[in-house]
Amino acid sequence: MGHSRARMGILAGILGVALMVLLAGLPLPAAAKPQRLVSINLCTDQLLLLLADRSRILSISHLGADPAASALAGQATGIPVNRGSAEEALALRPDLVLSGIYQQHGTNRLIAAFGVPVFEMQPAASLPQALAQIRALGDAIGETARAEALAADIARRLAALPAPSARKTALVVQPNGLTTGRHTLANDVIEAAGFRNLAAEAGIESWGALTLERILLLRPDLLVLNDQSRRQRSLGQQLLAHQALTAAHAWVEIPADLWTCPGPALAEAAERLVAAR
């Protein structure tokens, strides 16, 4: 009898190990996904709206619902917003908090100290990095297939852009003469659309400011202006409406929120630039 029970125990153990091996190759069951999701960052807001079912989204940041900041503000209607504090996020009892990595570092540490996992996403500085971040966030929330499909569609749209016969120059000009240099998403979008980024060629690595005189001396073939900013009235916007700027150059208005974060808006921005080309 003792030998029989021992044998049954060994068989049960073998079956248990075999079952674990089989399950290791299967997708995670729905219950294993983090179901209660909170985002406190503009870019994670947008990816969450694209990749997760609304029933799983407890809250996004107020920026994600702001049409002046988010390319997907229209999809955020009805979702509660937060101001990015640890107290707000913890009060919702989330399974996972999605956040940025620099300005929100202290907030992330406080949330994690209470035992809540935090997915941190740094600002993307290139198109390959943006596509990698889409996949990484998809993995974190248990939506790997959706994220892969989204990244593949963006890559397909960018690859389908027609090549120019000659590469003209473009220059992004935002309020106070702010422009975007070499290590930015905007630079990669400009290049994907078949332009040379004059700010990068002028030695600007990330972001920098140009005077009206410097812009005129650079003589870009195309000025890229932020249409939302140009409709506002402030000292910072005056440069964008200066007659010497708009009369001397061809220009196109493209909202800056199209190339702020990883997502399909990047392909839309490139397609608009190709149309302006």
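Some observations on this one:
- Around Asp53: net Lys/Arg minus Asp/Glu count, Cβ-Cβ under 13 Å: +4
- Unit Cα scatterers, Debye sum, the stretch 41-162: log10 I(q)/I(0) for q = 0.21 Å⁻¹: -1.30
- Added length on full extension, which subtracts the Cα-Cα distance from 0.36 nm per residue, Val252 to Ala202: 15.9 nm
- Here the stretch 53-132 is treated with +1 on each Lys and Arg Cβ and -1 on each Asp and Glu Cβ, and its dipole about the Cα centre works out to around 40 debye.
- Note on the stretch 58-97: Kirkwood hydrodynamic radius from all Cα pairs is 10.6 Å, rounded to one decimal.
- The Cβ shell under 13 Å around Leu63 holds other residues with a net charge of -2, Lys and Arg each +1, Asp and Glu each -1.
- Shape category assigned to the stretch 117-204 from the gyration tensor of Cα positions, a/c cut at 1.5: oblate
- The local environment of Ala267, defined by Cβ-Cβ distances under 11 Å, has a net charge of 0 under the rule Lys, Arg +1 and Asp, Glu -1.
- Packing-based order for 130-143, 182-195, 165-178, using average beta carbon neighbours within 10 Å, highest first: 182-195, 130-143, 165-178
- Paramagnetic reach from Ala159 in the stretch 134-148 [backbone N under 15 Å; point 7 Å along Cα→Cβ]: 148
- Rounded to the nearest 20, the Cβ-based charge dipole of the stretch 89-233 about its Cα centre (Lys and Arg +1, Asp and Glu -1) stands at 420 debye.
- Between Ala152 and Ala275, the modelled labels are 2.7 nm apart [label points 7 Å from Cα along Cα→Cβ].
Read-outs: derived from the displayed coordinates by stated rules, not from any lab. Bear in mind the structure is a predicted one, so any value in this text is a computation, not a measurement. Here Cβ is always computed from backbone atoms with ideal geometry, including for glycine, and neighbour counts include all displayed protein chains.
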